[in-house]
Amino acid sequence: MIRKRLFQIGVVVIIAVSVMMLWRFFAGNNGLWKQHRITKQVEALQHEADSLNLVLQEKKFEEQRLLTDTFYIESIARTHFGMSKEGEKAFQFIDQGSRPKADAP
């Protein structure tokens with residue numbers, strides 16, 4: 001009788017320890033769920049870093065063009081700021097669809 005009772009207690013202890021170990025393996029501080037979430041977060045941050053590096057390269061290329069390419073600077077000045085060279089006549093074309101209509105009397 002005592003032997004059977006000890007066996008039952010041993011089985012319960014083994015099951016309890018196994019459940020605790022499985023819980024820690026899957027859902028503990030360093031469990032698989034947390035590792036999966038961290039892995040997904042690292043992938044998202046890596047993708048964001050790659051995108052930002054691409055933007056940085058584009059900005060550096062733009063900076064280099066602004067520092068060295070006089071034709072590019074001139075085109076920016078003409079298109080974005082409406083500038084012209086001395087002695088040139090500048091024409092501004094207005095789209096017919098965007099022009100306000102005069103009120104008829």
Looking at (1) outside any loop (DSSP other than H, G, I, E, B); (2) under 37 Å from the mean Cα position of the chain (by Cα), which is the only condition Ile15 fails?
(2)
Is one or more of the residues making up segment 72-84 exposed (fewer than 10 other Cβ atoms within 10 Å of the Cβ) and either small (Gly, Ala, Ser) or part of a loop (DSSP other than H, G, I, E, B) (or both)?
yes
Which pairs have Cβ atoms under 8 Å, sit 6 or more apart or on different chains, and link a residue in segment 55-69 that is in a helix (DSSP H, G or I) to one that is of a type in the set (A, V, I, L, M, F, W, C)?
Leu66/Ile73; Leu66/Ile76
Residues (among the hydroxyl-bearing types (Ser, Thr, Tyr) and modelled with pLDDT of 95 or more) located in segment 39-67:
Ser51
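The values are calculated or read from the model by the stated rules, or taken from the named source; none is laboratory data. On a predicted model such as this, the values are computed, not experimentally measured, just so you know. As a convention, Cβ positions derive from the backbone with ideal geometry for all residues, glycine included, and neighbour counts pool all protein chains shown.
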